[in-house]
Structure formats: structure tokens, C-alpha cells
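**Q** The structure is given below, and queries will be raised subsequently.
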Amino acid sequence: MRILTMTTALALIHASGAGAVPIEIQAMPLPVLGATACSTGGGGVDPLEGSNCVSRVSPAGDVAVWGTYDNGADRSTVNAGVSEHVLHAGSARLEFNLDSDDRLFVDSSSLFLFSDNGWSEMTVGKNNSGSTSRVSVGPNALIQMNSRDTAAIMRIGDNGNGKVDLYESGIELKGNTLSYMQLGVNGGSGELSIGTNTIGRGSTVYLMPDGGGDAAMELGVDGIGVVNVGSGELKLAAGQGNAIMALGTDGGSGTLTLDRLGSQVRLVSSTGDARLVAGASAGGSGTINVQGGNLGMFDAGFTSEIILGANNVDPFGAGAGTTGPGGTGTLNVSGVSATEMGSVFANTLYVGVSGADAGMPDGGTGNLNVGANGIVEADEMYVGQIQQAGGGNSAGHVQITNGGQVDLFGGNSQVIVGANGSVLVDGDGSVLRSDEITLTGSATNDAVLKVGNKGVVDLRGGDLVVQTGGVLMGSKGSILGDVILDGGSLRPGASPGILDIAGDLTLTSGVLELEFAGTGEGQYDILNIAGNLFLPENSLASVVVKFLDGFTPGTNDSFQFLNVAGTLPESFASVDVSFEGLSGPAPSLFTNGIGNFALAFADPYAQDEDPVIGAVPLPAGAWLLITAFGGLAGLRSRRRRKAAFA
């Protein structure tokens, strides 16, 4: 094994030519003292070296590399412990191409790359497919790259393999027009680890353009790029430009992981856009794991966005991107405990986005999974094929489970679920909050919202609108707010189940689907409405009664499937009822006039001794709501007493 430290003796700088000069730091052998003789300053095992722990030589001082356009001569000097290399060739460039067992340490010192009129560029692992170049930045050390005229660029794994570890240290990229980092380029593999999972062992990576340029990072550009943020911070801060991160482009694979309380990733722009794209295009795959810590997107226009799964979308906002098959983007959010939550913030979430041009191939596939101790906050969320209509099919899937939370806020927050879009809110403590939710599918692809197992959709007094192609499903879940069925399907159970609506239900058009698979609890649908049931004039709503798995009700069976605590319509005459999966005679639908509805062959409410019913002088036949052969007429609207939910 060879271990390099940033010392004057070990840094061999080569300059040649009149243009941008490549500078190479070459490996030189150091004596191996054995795994039990690690030098850590205070004793113990060096966390940067792990199981291959070997003593290392402390650096003699900092290393600075300059590139200018003046007429002076190249020079190397040592002043106050700083080794300064001035290159009069424009760009300052470093390439580390070490053997697989070699490592360069920057420890308690600094490595500076400066350019007055050219690029400041550093590459770790280029054209070294058979080995891995590794740079470890130790405590109190800093790698800083500055270009006063153009770009500061760092690449890890460019048609080769590279790895950079930071431990209580930092990297800063300060370009004028661009601060840019790439991992896994041209078939290469690059990995960046920021800090460890030990609290207090934080490191920082800052991409901060000095001028009006962009701060940009790409993980997996036709390669594999990985960033792990332990107890540290990754920040892309663009004052007047855009802050952009893209994972998985051109068939590449990119992964970003935050795995500890205190882990932070920030994309910030004062006047431009803040955008994160996972699975950007052309079959790319991007995965973001927030397992603690915080991922935040901020810009001045409140238009920051996270895009999961895209096609024909340029992460850098310069127009259409590649035109290959769509990418797959996944965001997983969870936490360690109630006090160590994983959190994500952006103004807009796109989960599955298709291309902008008609005739495009398949669009992107997006997945958002929010689990225990995880929370996602935004102003609006689009799921499935919503934006860039006219392109190829896209798909979006949101799963909020095990107490996870998605909170849309801002006064006019909204969730729109489009074709090939699905949202699941499942489990005690699992919540989706938004002022408005719209389900709008297509003739061939549904937009689905399923609420089950004590999961809650909280509309904050707003509406959930189920339009054509939309499907609202329940399975012991609750909707806090009003539901409007406007062309879609309402299924109280997911074969079968219970749905509670703590608000009004309006049946404008569409289908109320009721499933019956047996007489026991949980074998048939129940819909509970805490508010009013509205049936607008000329409503086109219908009821479909489905019998599953060959079940046929007996003549003495009765199923109370609908309970309304508020007012009822004056008439149900416009409602069409049909039956599916029934081989024998069809039962009828009955009501007791106070908000309870049942499916049976004989009126189950005929012997009801309730004094409220006794005060209504209507013949028993008038309580018949709907039969298999016709509709109901004659029920007057009047205030009902509350009925206990089944």
C-alpha cells in the first residue's frame, strides 16, 4: 500500500505547453509500519484508514496551485508552511490516478487550486478502470478550488474509479460562472462521503459561485455516482444563478443518502431556481435516501422543485434534454425516531413526469416513499402524467406508510394525481394534508388515492374532487373534508372495506361502487358520512353493486352499507343501480329515512320502533329506496339526528 500526504516533497507538479496545463501528483512509496502502529494524533484507529490502517507522515504544510496569464515565470515556493505553485498557463488542474491500494491524504493542511483566467479543475480517478484512486481529507483540512473568470470543477470517477472521503474537513468550489461537481462520468464510478454517522464528526462540501453562475452537481452521468452525507453538510448555493442537482442521466445511476440527524443537503438560489432531478432522462436511475437529517430546496421565487422520474427534461433548465426512454427517480424518507426525523422541503414535487413533445417514448417513473418518522413538506405535488402533456406515458407512485407524513401547506396547497398516478395513505399516524386534492385520470389509466388502516387524508376544510379516470378507495381510512364525485369512481373498500368521510359527499356524476363478499365484518363495504349527502339536480351518478368470489346473499341477510349523519337529498330518482357477479335474484336497497341505508331482500327497517320514524306518517312501501328494476322517489329532505357509524 502507498499512502500519500500533501507535502512539498511528495507533490510533483509538471507544467508544459502554452494552454491549459495538466498537473499530476504522482504516487511515491512510504514505509509501511503495520496495522497496529496507526498515528491518529491521540492514539487509536484512524477512521479514514479503517481495517487497512497504516501510519502516515504528517504534512509539512499546505499546497497551493495557481494558474494565471501574466508574463512571470513558473515558480514553487514555501512560505510560512504553505507550498505555493504558480503556473502561468491559465488553468489550474490536478489529476489523481493512483493504483488500487494507494491513497492521498490531505490532513491538517489545505490544497488550493486557483485560476485567474482559466478553469480550476480536479479529477480523482480518470481512465483507471482497473483500480480506484482515493483521496482522504482529514481533520481540519480543506480542498478549495477557485476560478476568478470561469469554472471550478471537480470530477470523481471519469471513465475510471474515484473515491473521496471527508472527516471533519471540507471542500469548496468557487467558480465565477460555474461551480460544478460530477461523480461517475463516461462509464466511471465515483463516490463522495461527507462526514461519518457519528454526531460531531461533521464535514462540509460547498459549491458557491462567486459571480452570477450556477452551482451544479451530477451523480451518475453514464456511470455510477454515490454521495453519502453522514454528520455533515452538502450545500449548493447560487447567488444569482441556479442551484441544480441531477441523479441518473444518460443511462447512469446516482444515489444520494442522508443517514443521520444533523445530515443536511441544501440547494439555495437567491434569484434563480433550485431544482433536484432524480432519474433525469434516457433510462437513468436516481435514488435519494433521507434516513435522518434534512434535504431542503430554497429559492427567491418560491418555485424550488424536486422531480422524480423524468423524460426530455433538462435539469439545468436550458430546454429539452435527451430523447431516450424516461428515467426512474425514487425518494425514500424516514427517520430514526420521533426526535431524529428525516425531512424534505421543496415548493413543488413532481412524481413521474413525461416528455414535452408528442410522440416521445415512455416518460419517467417517479416513486415517493415516506415511512416512520419521515415528513415531506411542499406547496403542491403532482403525481403521474400531469405536466408536459402530450409526451410518452409516465407513472408516479406515492406511499405514505407507518406514520409517515406529507404536508402540503401555504394556503392554496394542492395535490393533483394524474393518469398512471397512485397515492397510498396507510397505517396509524400516516397523514396526507392538502387544501385541495384532485384525481384526474384518463380513459385507459386511472388516478388512484387509497386510504387504509387508520390512514388519514386531511383537507383542512377543502375538497377532494374525483374526476373522470379518478378512483378514491378506502380500507378503514378517513377523509377529513368534503368529497365531490365528478365523473370518477368512489370505492369505500379495497375488496372490500370501510371509508369514513368527515365532511359532505356530493354525487355529481361517476360511480359509487359497493363490494360484497360475505356477511361478516370486513366482508362488505361501508361508507360513513359525517356531513350531508348531496345529489345535484340532473345528477349522472350511478351505483354499481358487485358480488365477489361467487358470494350470493341469503333471503334473511341484511347489509347496512351507508350511514349519513347530515341531510339527505329529496329524491334519488335519477340514480341508476346495477348488479354484477350475481347469479340469483337481486336484492333491493332500503333506507330508514334518518341516514341509514341497507342492502337486503326484505326491508330491515320495517319493524324499527325509533320514535323519530314513528312520527313520519308514510306507508312502509315508501321506504323502499331502490330496487333492481327502478329508482326511488318521494323522500323529503329534513334534518336528521346523528346515526352511529358502524
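**Q** Round to the nearest 0.05 the FRET efficiency obtained for Thr567 and Asn402 when R0 = 41 Å and r is the Cβ-Cβ distance.
**A** Numbers: r = 38 Å, r/R0 = 0.92.
The computed FRET efficiency comes out at 0.60.
**Q** Once each part is reduced to its C-alpha centroid, what is the distance from the range 584-608 to the range 119-191 in angstrom?
**A** The range 584-608 and the range 119-191 have Cα centres separated by 73 Å.
**Q** Grab the Cα-Cα distance for Phe601 and Ala300, subtract it from 0.36 nm times how many residues apart they are, and report the gain in nm with one decimal. Mind dumping the intermediate values first?
**A** Numbers: separation 301, 0.36 × 301 = 108.36 nm, distance 6.41 nm.
Working it through step by step, the gained length comes to 101.9 nm.
**Q** To one decimal place, what Kirkwood hydrodynamic radius in Å is obtained for the range 222-269 from all pairs of distinct Cα atoms?
**A** For the range 222-269, the Kirkwood estimate is 11.9 Å.
**Q** When the accessible area of the range 104-196 is split by element with a 1.4 Å probe, what percent falls to carbon and sulfur? Display every interim value, and only then the final one.
**A** On the way: 900 of 2430 Å².
Whole-percent figure for carbon plus sulfur exposure: 37.
**Q** Another question about this same structure. Got a sec to turn the phi values of the range 176-182 into Karplus ³J(HN,Hα) couplings, 6.51 cos²θ - 1.76 cosθ + 1.60 with θ = phi - 60°, whole Hz, x for Gly and Pro?
**A** 7, 9, 7, 10, 9, 10, 10
**Q** For labels at Asp576 and Val336 in the simple 7 Å Cα→Cβ model, what's the distance in nm?
**A** According to this spin-label approximation, the distance is 6.0 nm.
**Q** So who's got an amide H within less than 5 Å of the one on Glu218, skipping anything under 5 residues away but keeping other chains? H placed 1.01 Å off N, in plane.
**A** Met181, Gln182, Leu183, Ala246
**Q** Same structure again: In the range 512-585, carbon and sulfur make up what percent of the accessible area (probe 1.4 Å)?
**A** 46 percent
**Q** Would you compute the Debye intensity of the range 90-189 from its alpha-carbon atoms alone, equal scatterers and no solvent, and pass along log10 I(q)/I(0) at q = 0.12, 0.15 Å⁻¹ to two decimals?
**A** With no solvent term, the Cα-only Debye profile gives -0.36, -0.56.
**Q** Reachable lysines from Lys450, Cα under 30 Å, same-chain residues fewer than 8 places away excluded?
**A** Lys476, Lys546, Lys642
**Q** For the range 431-502, how big is the tail of P(r) above 18 Å, as a whole percent of Cα pairs? Before the final figure, lay out the partial values.
**A** On the way: 778 of 2556 pairs.
Value for the range 431-502: 30 percent of Cα pairs lie more than 18 Å apart.
**Q** Of Glu570, Glu168, Glu515, which has the most accessible area and how do the rest follow, probe 1.4 Å?
**A** Most to least solvent-accessible, the answer reads Glu570, Glu168, Glu515.
**Q** May I ask you to derive the relative contact order of the range 121-163, considering only C-alpha pairs under 8 Å and at least 6 residues apart, and to give it as an integer percent?
**A** Once divided by the residue count of the range 121-163, the mean separation gives 64 percent.
**Q** For Ala443 and Thr468, calculate 0.36 nm times their separation in residues minus their Cα-Cα distance, and state this gained length in nm to one decimal.
**A** 8.2 nm
**Q** Right, something else. Using a ≥ b ≥ c from the Cα gyration tensor of the range 465-583 (square roots of the eigenvalues), is it rounded, prolate or oblate, where a/c under 1.5 gives rounded and otherwise the larger of a/b and b/c decides, a/b for prolate?
**A** Taking the square roots of the gyration eigenvalues as a ≥ b ≥ c, the range 465-583 is prolate.
**Q** Using 0.36 nm per residue, how much length does the chain from Ser270 to Gln240 gain when fully extended, once their Cα-Cα distance is taken away?
**A** Values: separation 30, 0.36 × 30 = 10.80 nm, distance 0.59 nm.
Answer, rounded to one decimal: 10.2 nm.
The values are calculated or read from the model by the stated rules, or taken from the named source; none is laboratory data. These numbers come from a predicted model, not from an experiment. Methodologically, a virtual Cβ is constructed for each residue, glycine included, from the backbone with ideal geometry; neighbour enumeration extends over all protein chains shown. When the accessible area is computed, the model is the full protein with side chains, heavy atoms only, and any ligands, DNA or RNA have been set aside. Shrake-Rupley method; radii C 1.70, N 1.55, O 1.52, S 1.80 Å.
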